[in-house]
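Remarks on the structure that follows.
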Amino acid sequence: MSERNYWQRMRRRQLSRRALLGASARAGVGAAGLALVGCGDDDDDGQQAAAQVQQQDQQQQQAMQQQAQQQQAQQAAQQAAQQEGDDQDAAMQQQAVSALPAPGAGGTGVSPYVGLSSGDPPTLDPYENLTYRTQIGSAYHYAKLIREVEGAPGISPINTAEISEDASRLPEVIDATTYVFNLREDVHWHDVEPLNGRQLVMDDIMYTYDRFREVSPNAAGWDKVVASFEGGEDNAITVGLHRPHAPFLTLASSSQHLWFIPPEIVDDGTVASRPVGAGPWIFEEFEPGVALRWRRNPNWHIGNDTGGAPFQETITKTMQNDPNVIIQAIADGNLDMSLLSAAVYRQMEDAIPDTYDLDRYFVFTPNTVPGGFYFNFSIPPWNDVRMRLALSMAMDRDGVLSATDDTGQGGWQSGISQLPPFWLDPKSDEFGPNSQYFHLNRAEAQKLMDAAGYPDGVQALVHNTADYGAATNNLYAACIATVAESGFQMEIFSKEYAAYIASIFRGNFPDQWDGESSHLAIGPFYGGATDPEDLFAAVYSRTSGRHNWGSSSRTPDNRDGVLALDTGGNAEGWSPVDADTFGHPNSAIGGGPELDETLHQMFDDQRALLDLEERIEAINDIQRYLAEQMYYVPYVATPGVYAFNPWVKQNDFENIHPKTTYGWGGAFEPYVWMDQALKDELT
Amino acid sequence: MNQYVIRRLLLIIPTLLGVTILVSLLVELLPGDFVDTLLEEYTGQGESVQEFRARIEAQLGLDRPWHERYGDWLWNALQGDLGTSLQGSFRTVNEELQSRIPVTMELGFLALVVGTIVALPVGVISAVRQDSAADYILRGLAVLALAVPGFWLAVIVISIVFPTLGLPALPVTYSTPTEDLPENLRKMYVPAILLGVALAGPMMRLTRGEMLEVLRQDYVRTARAKGLQENAVIVQHAMRNALIPVLTVIGLQASLLIGGSVIMESIFNLPGMGLKMIEALKRRDIPIVMGIMVVIALFVIVVNLVVDLAYSLVDPRIRYS
């Protein structure tokens, strides 16, 4: 099978991004040059020196100037991209436009709501519950300021998610902490009761913003970044940040924040059951346990710019989640497409007719959910970095992949999973010397174990929950099997989901279990990330309320209290933690990522880097650093697998672009249509 | 008879009360609670877990002691309001149950019909032809039906039987019998057969055993001696008596069907109570769990009452007073 889909597109997009960045940088340099020329003086030497000093002093300001040029730069970049030989994109775009169906002629699509994880949303109000089952539905019927999009012509260089305008135009960047969003005037609520297609106005935005901050559990994360949000009479919203925050536009476009919800449906109490928004799809029905149904919004403001999208007349998202039933239904044409998993890829491949083109049928996407072995750091042996490194070097990741991934598209994950474009492949030369900690090296693992005082290995119970499904359980089993050869004798100890989340997931490990170490778990940490910042803030940061690493009070100042908490007076058989070294993250004993000053400094630094390439490099360094700390030992990344029947089409026919984030309903689904004639022919 | 029925109906009240107290306490004792289940999707920003917990618990009233919460629930339940899911306010527990009870009941009823249709004749034939080849084959099938897990059988049917035989795939959505009966049956027939077959195993073995015992009774011998045809002996004399314990088992199986329906509803995407119950338990969604348990308890009580009353119809010697 040829290399295809995501990885090919990724390279192409990066080329486009580079062209964009190049243009952006040229624009920035030009602006800086103009500024310098403007400060002209006859004394060349003095001027040069002064300019250098001024340049150093005003680095931040120049970055702002670069940002301010983004809007113009985007257009310049598109021209530059074409001029620099990115003909493929242009040709495809042209082909796409000519291939678009007439609006509303895109048939009716039926597919599982969230693939094998489908299930009822408990509410349709995205501010009431954070579950993906609620958040994902919002992208279908609601609009927001700017949105995640696939294949958008304008990509902001300071963001990772590809964004485009939604209810607002792309923002003007006034300075590093001030963004101005101009509302579009052609945005209307759906033409159904009680909104009846009225225009979306500034009062609606401010109403929904207040409600978001009042009700949504996600508002706290937003408030940490955003200091002010002010609507003016000129349809401009000025957003002020507390400090420069590189991924701000990703945050603003994220499908977990700030959906515009009209006051009418909040007032009449139907927000949880009958959403009315300004998004691409008009909500029709939610039949619990069966399906969610939408029909196309013929007045979608983005549709005018995109050839009349959304193209499908109606879409039905079923709550079916059994893999066998889904696979048979796709093969029979009862379902048009579905998110699957690597674990059932072979079964799906076997079920489809031999005549189908596999390269067209399957699309693989990178895995953005970090996961692996994780630990309690305050008690041996896992507080010793050598043991964590040894565990990592004892893992035969390629062996695990061969046992769990039939697609052949999987790979290794670093400390930030495989989040594009920041992921640095631990297998690559670019990763540098710390790449060694990911490679299977049993001899080196043994040396590390010897040095740490565990020459015979360790026996350990590995906590987990089996509720993530058979594929994940197989992954756990493969990981445990492969490290056993190096002396890590592990036994899976599963807990029921809620019990697991209540204890192990929050770092509350039992002290010991029949003489075995039990301060170890395996599992995923965080889903739905669109930027590494999501992971840094939620998983690693000391300011995170999650504390996957254990007690929430692990600071040197309350060391005694934490020690008491960790041992619980019942640490029989374990060496006491050295009170003097506890809290020093880079020592062998004590402390997890929460206390790692180096790591947190790196987090802070990358947040201030508004230049994407610089930020990527900084995050690459973080990944290298995380590799030598192994705060968690990443397992492998099996890809997301999407199956598309041949009659499912997108404007870029050869390259269907599924979106891996919660924004699928607004970023991908509007641009898909069903070739009914082909479907009739094939089924 | 009437007094007996009234007495049994009155007994429903303390039974239900006991069930609700027990369920509520058991859910309370389970490790992890509803707020814990939110933590995986909690971004951890802006507030600590403790603050997050306090806020959510205050919002949902979970910060009050158990007896207060139970008392409130009971008071509202007595007024016909079983509350709202902790996970979201899409619809009330009453609305949830109204749409889900018929699905589970329909699946259970169809499975019972399938099980009975299969088990009774097979059990009788097996008994009448005791130790013949047919008896051995049928007994073997019954053991197989008992031993094979329903979910495994379902996977085999979907993944192998359907493609091999070229059968059309099952509908991916659900229609109620009133909306579209053929479509409804197309969705229901496979899970009903699978559930019915599982039910038929023990029922068939019991029918066979009871028939063998009855066929050796004096009154059967007398009937044969009187010159009655064998069919009349078996159907009118033997079967009627053999069915009394079978009826009891059918009653008990009807309760167990709720459990079986969880698996079938999950695999075949049927919007019934079983599927909802599993999700609610996983999320510690107490109002949903309580609501469904009340329905299941009520169902079991009523089915048992009906079975008891049916004894008197089947066996005239039984009189309730």
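The values are calculated or read from the model by the stated rules, or taken from the named source; none is laboratory data. Because the structure is predicted, anything quoted here is derived from the model rather than measured. No Cβ is skipped: glycine too gets one built from the backbone with ideal geometry, and neighbour counts run over all protein chains shown.
Structure above, values below:
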read-out	value
Residue in segment A:592-611 that is modelled with the lowest pLDDT, counting only those that are of a type in the set (A, V, I, L, M, F, W, C) and assigned to a helix (DSSP H, G or I)	A:LEU595
Residues located in segment A:354-398, provided they are polar (S, T, N, Q), in a loop (DSSP other than H, G, I, E, B) and over 20 Å from A:ILE504 (Cα atoms)	A:THR355, A:ASN367, A:THR368
Qualifying residue in segment A:93-108 (condition: away from every other protein chain (no Cβ under 14 Å), over 23 Å from A:ARG295 (Cα atoms), surrounded by fewer than 21 Cβ atoms within 10 Å (Cβ to Cβ) and at pLDDT 50 or above)	yes
Residue match in segment B:268-286 (condition: among the small types (Gly, Ala, Ser) and either more than 14 Å from chain A (Cβ to nearest Cβ) or more than 16 Å from the chain's Cα centre (by Cα) (or both))	yes
The listed residue being away from chain B (no Cβ under 14 Å) and over 19 Å from A:ALA403 (Cα atoms), out of A:ALA451, A:ALA484	A:ALA451
Unmet requirement for B:ARG205, which otherwise passes all of (1) in contact (Cβ under 8 Å) with a residue 24 or more places away in the chain; (2) surrounded by fewer than 20 Cβ atoms within 10 Å (Cβ to Cβ)	(2)
Check on B:THR173, more than 10 Å from every other protein chain (Cβ to nearest Cβ), of a type in the set (S, T, N, Q) and over 20 Å from the mean Cα position of the chain (by Cα)	no
First in segment A:403-426 and assigned to a loop (DSSP other than H, G, I, E, B), second anywhere and hydroxyl-bearing (Ser, Thr, Tyr), Cβ under 6 Å, 6 or more apart	A:ASP405/A:THR638; A:ASP406/A:TYR345; A:THR407/A:TYR345; A:GLY410/A:THR638; A:LEU419/A:THR368; A:LEU424/A:SER414; A:PRO426/A:SER414; A:PRO426/A:SER435
Every residue from segment B:92-146 that is under 30 Å from B:LEU181 (Cβ atoms) and outside any helix (DSSP H, G or I)	B:THR92
A:ARG388 closer than 30 Å to A:GLN650 by Cβ and among the basic types (Lys, Arg)	no
Residue list for segment A:209-229, filter: aromatic (Phe, Trp, Tyr) and closer than 19 Å to A:THR131 by Cβ	A:PHE212, A:TRP222
Residue that is farthest from the other protein chains (Cβ to nearest Cβ), among those in segment B:88-107 that are crowded, with 19+ Cβ neighbours inside 10 Å and in contact with a Ser or Thr (Cβ under 6 Å, 6 or more places away or on another chain)	B:LEU107
Unmet requirement for A:HIS301, which otherwise passes all of (1) closer than 30 Å to A:THR177 by Cβ; (2) more than 14 Å from chain B (Cβ to nearest Cβ); (3) surrounded by fewer than 18 Cβ atoms within 10 Å (Cβ to Cβ)	(3)
Enumeration of residues in segment B:46-87 that are away from every other protein chain (no Cβ under 11 Å) and among the aromatic types (Phe, Trp, Tyr)	B:TRP66, B:TYR70, B:TRP73, B:TRP75
Selection from segment B:272-282 of residues that are surrounded by fewer than 24 Cβ atoms within 10 Å (Cβ to Cβ) and either closer than 19 Å to B:ASN94 by Cβ or among the β-branched types (Val, Ile, Thr) (or both)	B:ILE278, B:GLU279
Selected residue (only one of B:GLN59, B:GLN50, B:GLN87, B:GLN79 is in contact with a Gly (Cβ under 9 Å, 6 or more places away or on another chain) and polar (S, T, N, Q))	B:GLN50
Failed item, numbered, when B:ASN76 is tested on (1) at pLDDT 90 or above; (2) buried (at least 20 other Cβ atoms within 10 Å of the Cβ)	(2)
Scan of segment B:18-38 for residues that are surrounded by fewer than 16 Cβ atoms within 10 Å (Cβ to Cβ), hydrophobic (A, V, I, L, M, F, W, C) and in contact (Cβ under 8 Å) with a residue 12 or more places away in the chain, ordered by number	B:ILE21, B:LEU25, B:LEU30
Residue identified as without any contact (Cβ under 8 Å) to a residue 40 or more places away in the chain and closer than 20 Å to B:LEU86 by Cβ among B:ILE278, B:ILE286	B:ILE278
Members of segment A:266-287 found to be buried (at least 20 other Cβ atoms within 10 Å of the Cβ) and within 14 Å of chain B (Cβ to nearest Cβ), listed by number	A:VAL271, A:ALA272, A:PRO275, A:PHE283, A:PHE286
Pick from segment A:307-316, criterion surrounded by fewer than 24 Cβ atoms within 10 Å (Cβ to Cβ) and at pLDDT 90 or above, ranking: nearest to the other protein chains (Cβ to nearest Cβ)	A:THR316
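Every residue, every condition in (1) within 14 Å of chain B (Cβ to nearest Cβ); (2) crowded, with 24+ Cβ neighbours inside 10 Å, yes or no:
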{"residue": "A:ILE326", "(1), (2)": "yes, yes"}
{"residue": "A:GLY333", "(1), (2)": "yes, no"}
{"residue": "A:GLN347", "(1), (2)": "yes, no"}
{"residue": "A:ASP350", "(1), (2)": "yes, no"}
{"residue": "A:VAL385", "(1), (2)": "no, no"}
{"residue": "A:GLY399", "(1), (2)": "no, no"}
{"residue": "A:GLN409", "(1), (2)": "no, yes"}
{"residue": "A:ILE416", "(1), (2)": "no, yes"}
{"residue": "A:GLN436", "(1), (2)": "no, no"}
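One line per residue, one yes/no per condition, for (1) out of contact with any strand residue (DSSP E or B) (no Cβ under 6 Å at 6 or more places or on another chain); (2) at pLDDT 95 or above; (3) within 14 Å of chain B (Cβ to nearest Cβ); (4) surrounded by fewer than 21 Cβ atoms within 10 Å (Cβ to Cβ):
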residue: A:ILE158; (1), (2), (3), (4): yes, no, no, no
residue: A:PHE181; (1), (2), (3), (4): no, yes, no, no
residue: A:ASN196; (1), (2), (3), (4): yes, yes, no, yes
residue: A:ASN218; (1), (2), (3), (4): yes, no, yes, no
residue: A:ASN235; (1), (2), (3), (4): no, no, no, yes
residue: A:GLY240; (1), (2), (3), (4): no, yes, no, yes
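Listed here are the residues, each with its yes/no results for (1) surrounded by fewer than 20 Cβ atoms within 10 Å (Cβ to Cβ); (2) closer than 25 Å to B:SER175 by Cα; (3) within 30 Å of the chain's Cα centre (by Cα).
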site	(1), (2), (3)
B:MET188	no, yes, yes
B:GLN217	yes, no, no
B:ALA223	yes, no, no
B:ILE244	yes, no, yes
B:GLN253	no, no, yes
B:GLY259	yes, yes, yes
